[in-house]
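Worksheet: one structure, shown below.
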Amino acid sequence: MKNKKVLVVGSGGRCHAIVDALSRSPQVEKIYCAPGNAGIAQQAERVAIGVEDVEKLAEFAQQNAIDLTVVGPEAALAVGLVDRFEELGLRAFGPKKAAAQIESSKEFAKRLMAKYAIPTAGYEAFDSYDAAKEYVFGRPLPAVIKYDGLAAGKGVVVAESYDDADAALKDMLLDESFGKGRVVVEDFLAGPEFSFMCVVSGEKVYPLAMAQDHKRAYEGDKGPNTGGMGAYSPVPFVTAEVEEFALERIMKPTAKAMVAEGVPFKGVLYGGLILTAEGPKVIEFNARFGDPETEVVLPRLESDIYELFDAAIDGRDCDTKWSDEALLGIVLASKGYPGSYTKGAVIEGLSGVSSTVYHMGTAEKEGEIVTAGGRVLMVVGRGKNLAEARKMALEDIASIKCDELFFRSDIGHKVLD
Ligand code: AMP
Ligand code: GLY
């Protein structure tokens, strides 16, 4: 019966794709999105509440008899949105704060993997600069150094020289302007990366289709790391055998381990994996849908996504069905991203495209769509194969007019060029 009301929390392209998938559900009558964006507004009613304003979101859910709330961004999980909703008897799809640590604390994730023999890079954690430097300088390059602390944005440095490694350690361990940090130093793993997102409910794991992200800003995988400049699905080098290994040896044992540790996971567990010569290994876990992977994965879901979310909340079985279509999405980002950029540039030509366009950071101003973020739009082409999907996306991008945007025309190059 088409009578369910859903609240989606978030505002980026990932949330647009979730809203789009929910709009295809035979059960969903009404979708709200807090706070949403200009594109999401075409499919959901926007609610002017921020993603971390848990009390207001809970009040909205109660007053509007929301059947299910889907949480997009990590920030909302980290402030305990799901914990609070559950206290109030509200149904929310996403992990509680303690389980979301698998993303927010690198060391928590690394310890869990070590304890339960989940394949990942070897590591050491440090809070002293001198000890970290001595360790890194005694090992081969490249050095993989990951910040582990509350200050976001310092992220991960893969240093090709000892000077770069030293600079990263100084930044992460000696500059305490954001608070005191720790670092995790990892073995360098070589191989192609892929993203394996699974809906998880305690020990139950419902795998989603594979995707690959492109993290560097510029063509040829050059330039700074970004949130992701494009993605595609399926991923040809992830064979059935690799998928089986990733599911049985990585995702399922991780779900089990979280239960055993007293922090059962419910929501999307995102495995950032790398296919090494010894098989897939974990680079990172996220506690949420990936962005931009979600924008190429969810359109391939042919079964009811509401049913999947609902089943996961209760721990019921749920089969998923995926289309054979190939999807490839290209991000249009503001010039200057991931550094500083301007906002408010008018975007024209959106109505003429046949690709699906997910809005990542847009606003509406006097009836026009304008840029309002670093990543602005994701243009998702589709076809029988990835080459067709890319062609469609690139042709559509050519008809979208905005001087303030740039994109990578080589998304999919690892498997196409
Ligand atoms: P993360 O934020 O942990 O996903 O790391 C960002 C990027 O750094 C990854 O997408 C990889 O390209 C790279 N990276 C992280 N850890 C490793 C590792 N142990 N070996 C090789 N590359 C890595
Ligand atoms: N695309 C990587 C992420 O969502 O973290």
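Across all directions, the shadow cast by the convex hull of the stretch 188-317 built on its C-alpha atoms averages 8.5 square nanometres. Summarised in one figure, the compactness ratio Rg/Rh of the stretch 205-264, Cα atoms and Kirkwood Rh, is 1.12. Put a plus charge on the Cβ of each Lys and Arg, a minus charge on the Cβ of each Asp and Glu, and nothing anywhere else: the dipole of the chain about its Cα centre is then about 400 debye. Across the alpha-carbon atoms of the stretch 64-220, the computed radius of gyration and Dmax are 18.3, 59 angstrom. Across the stretch 345-355, rounded Karplus estimates of 3J(HN,Hα) from the backbone phi angles (6.51 cos²θ - 1.76 cosθ + 1.60, θ = phi - 60°) give 6, 6, 10, 10, x, 6, 6, x, 8, 9, 5 Hz, Gly and Pro being marked x. Take the Cβ atoms of Asp319 and Tyr129, set R0 to 45 Å, and the FRET efficiency comes out at 0.30.
Take the Cα of Val79, go 7 Å toward its beta carbon, and the backbone nitrogen atoms of the stretch 3-33 under 12 Å from that spot belong to 10.
The distance between label points at Phe237 and Ala260 comes to 3.1 nm (points 7 Å beyond Cα on the Cα→Cβ vector). Within the same chain, lysines fewer than 8 places from Lys115 are excluded, and of the rest, those with a Cα less than 25 Å from its Cα are Lys96, Lys97, Lys106, Lys146, Lys204, Lys252, Lys256, Lys266, Lys281. Given all pairs of different Cα atoms, what value in angstroms does the Kirkwood hydrodynamic radius of the stretch 34-153 take? Across the stretch 34-153, the inverse of the average 1/r is 17.3 Å. Enclosing the Cα atoms of the stretch 1-57 in their convex hull gives a volume equal to 66 cubic angstrom per residue. Under the combined filter of DSSP loop state and at most 10 neighbouring Cβ atoms within 10 Å, the stretch 310-410 retains these GluC sites (Glu not before Pro): Glu366.
Pairwise alpha-carbon distances in the stretch 335-407 exceed 20 Å for 30% of all pairs.
Ranked from largest, the principal axis spans of the Cα set of the chain equal 60, 48, 45 Å.
Note on the stretch 245-346: Rg/Rh from Cα positions, Kirkwood definition for Rh, rounded to two decimals, is 1.04.
We did not get these values from a lab; they are worked out from the coordinates using the rules stated. Since we're looking at a predicted model, the values are computed, not measured. Here the Cβ is made from the backbone with ideal geometry for all residues, glycine too, and neighbour counts use every protein chain on show.
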